[in-house]
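Structure first, then comments.
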Amino acid sequence: MPLLSSPQGRDLFRRLRRGAVALAVPLWLAGLAGPVAAEPAALAPARKAWSVEGDFARKAADETPRTQARMNLSGAACAPTRPRLASCLIVNDEKKYAQFFSIHDRTLTPGALIRLTAKEVKGDPDAEGAAFADGFFYVVGSHGRPRHGDGEGRSRFVVMRFPVDARGRPAFAVSEEEPTGVAVSARLGEAMRDADGIAPFYDQPLDHDGVNIEGIAVKDGRMHLGFRGPSVDGQGFILSVDADAVFTADKPLAPKVTRLALGPTTGIRDLAAVRDGLIVLSGPVNDQAVQPALWHWNEATGALVPLGTLTPPKGLPEDAKAETVLVLRDAPDKPLRLLILYDGAENGAPTEYRVRR
């Protein structure tokens with residue numbers, strides 16, 4: 001039977017016309033017709049600009065131009081408060097603390113700092129992602145080795161969480177000096193050492209495609225971890241585990257690996273949960289010429305749909321990279337409102353994008 005008149009062929013073209021086909025073509029077609037890809041749209045910044053009131057985490061005693069927290073923002077999440085966006089958390093990959101902030105009328109207002117790692121711990125957690133679910137803020141370390149040797153890398157092999165109340169406020173006295181109330185786990189290494197496709201790259205340098213977590217989302221009791229590296233045969237990786245089990249001594253983690261066809265030398269830079277799946281922010285594994293892009297991944301069906309490539313805001317530093325995706329609005333029958341923050345830009349250069357699913 002000719003391919004185009006077969007049931008599979010007719011189904012493919014119906015999906016193409018609806019724009020619902022992912023970049024990766026089904027295997028039964030790839031061998032017959034060669035690669036087929038849906039051209040992702042270019043997403044332009046929203047017209048109205050965003051601002052930050054003051055600066056994120058300016059601590060003169062421990063900041064240099066290279067290590068300023070406000071220049072290295074790497075993940076953010078908000079609790080579902082009323083009013084909305086009144087309690088959010090932002091992390092950076094240079095310090096031992098995170099910072100609360102709120103959002104009102106396109107302005108981010110930094111708040112109190114919260115210590116994640118004790119001062120006496122050698123090295124910082126290299127915090128790369130933040131999430132909120134079921135009354136907890138979560139922060140994940142990169143679990144990646146430094147570019148030069150092992151050094152202080154062990155401090156990066158952690159994931160943390162702490163509880164907040166209905167107003168999004170911690171259920172303990174927040175401290176800038178001690179990690180009071182913050183639970184810390186090193187169990188993710190257990191899952192990665194045996195994970196299909198990920199295990200060979202565990203505890204290897206990033207320059208050699210080593211494991212490096214950059215995104216975290218927690219949904220329906222599962223913790224989803226997005227990997228900047230490795231990238232293998234054009235595929236990036238998500239490792240999903242039981243979220244509560246991570247913070248126990250021996251409850252099974254129930255790991256599951258998902259491969260996403262993101263493209264060559266392309267990894268995951270952040271994850272964010274939405275009603276019907278997860279938003280994936282992709283970008284280069286290292287410094288390759290890969291344009292940042294947004295995707296919708298349905299964790300239940302495995303479907304991956306490209307949402308578009310990001311057009312950066314004007315005046316963005318040349319070496320800045322899209323590093324954080326924060327969901328501002330996730331309403332039925334309306335475009336997603338997403339806030340993207342750029343690592344390497346002053347205060348993340350917050351930029352809004354409106355995306356149709």
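Any read-out appearing in this document is the output of simple, stated calculations on the displayed coordinates, not a laboratory observation. Please read these numbers as outputs of a predicted model, since none were measured by experiment. Methodologically, a virtual Cβ is constructed for each residue, glycine included, from the backbone with ideal geometry; neighbour enumeration extends over all protein chains shown.
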Note to self: In whole Hz and in residue order, list the ³J(HN,Hα) couplings for region 43-52 that follow from phi through the Karplus curve 6.51 cos²θ - 1.76 cosθ + 1.60, θ = phi - 60°; x for Gly and Pro.
What the structure shows: 9, 8, x, 4, 5, 7, 7, 10, 9, 10
Next item on the list: Count charges around P312 for me, please; just the other residues with Cβ under 11 Å from its Cβ, Lys/Arg as +1, Asp/Glu as -1.
Entry: +1
Next item on the list: Counting other beta carbons within 10 Å of each Cβ, put T117, T180 in order, fewest first.
Entry: T180, T117
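Taking other Cβ within 10 Å of each residue's Cβ, how do V139, V355, V211 sort, fewest first? Numbers along the way, then the final one.
Values: V139 25, V355 16, V211 30.
By the 10 Å Cβ count, ascending, the order reads V355, V139, V211.
On full extension of the chain, what length is gained from A46 through D333, given 0.36 nm per residue of separation minus the C-alpha to C-alpha distance?
On the way: separation 287, 0.36 × 287 = 103.32 nm, distance 1.87 nm.
Roughly 101.5 nm would be gained on extension.
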Next item on the list: Taking H placed 1.01 Å from N in the peptide plane, check which residues at least 5 places from V274 or on another chain put their amide H under 5 Å from its amide H.
Entry: I279
Checklist line | Nonlocal amide H pairs with R269, under 5 Å, H built at 1.01 Å | finding: L281, S282, G283
Notebook entry, point to check: Using mean Cβ contacts within 10 Å as the protection proxy, how do 228-240, 326-338 order, highest first?
Noted result: 228-240, 326-338
Notebook entry, point to check: Hey, rough spin-label estimate for A183 and N286, points 7 angstrom out along Cα→Cβ, what's it come to in nanometres?
Noted result: 3.8 nm
Notebook entry, point to check: How many nm separate the modelled label positions at R354 and K256, each set 7 Å beyond the Cα in the direction of the Cβ?
Noted result: 3.5 nm
Checklist line | Qualifying chymotrypsin sites (Phe, Trp or Tyr not before Pro) in region 150-217, DSSP loop, other Cβ atoms within 10 Å at most 14 | finding: F172
Note to self: With θ taken as phi - 60° and the coefficients 6.51, -1.76 and 1.60, list the Karplus ³J(HN,Hα) couplings across region 216-233 in order, rounded to whole Hz; mark glycine and proline as x.
What the structure shows: 9, 9, 10, 8, 6, x, 10, 9, 9, 10, x, 9, 5, x, x, 10, 10, 6
Next item on the list: Please list, in chain and number order, the residues 5+ apart from G234 or on another chain whose amide H is under 5 Å from its amide H, with Hs placed from the backbone.
Entry: T265
Next item on the list: Apply the Karplus parameterisation 6.51 cos²θ - 1.76 cosθ + 1.60, with θ equal to phi minus 60°, to every residue of region 306-323 and state each ³J(HN,Hα) to the nearest whole Hz, in sequence, with x for glycine and proline.
Entry: x, 9, x, 8, 8, 8, x, x, 5, x, 5, x, 4, 8, 6, 10, 4, 10
Next item on the list: Multiply the residue separation of E190 and T309 by 0.36 nm, subtract the distance between their alpha-carbon atoms, and state the gained length in nm to one decimal.
Entry: 39.4 nm
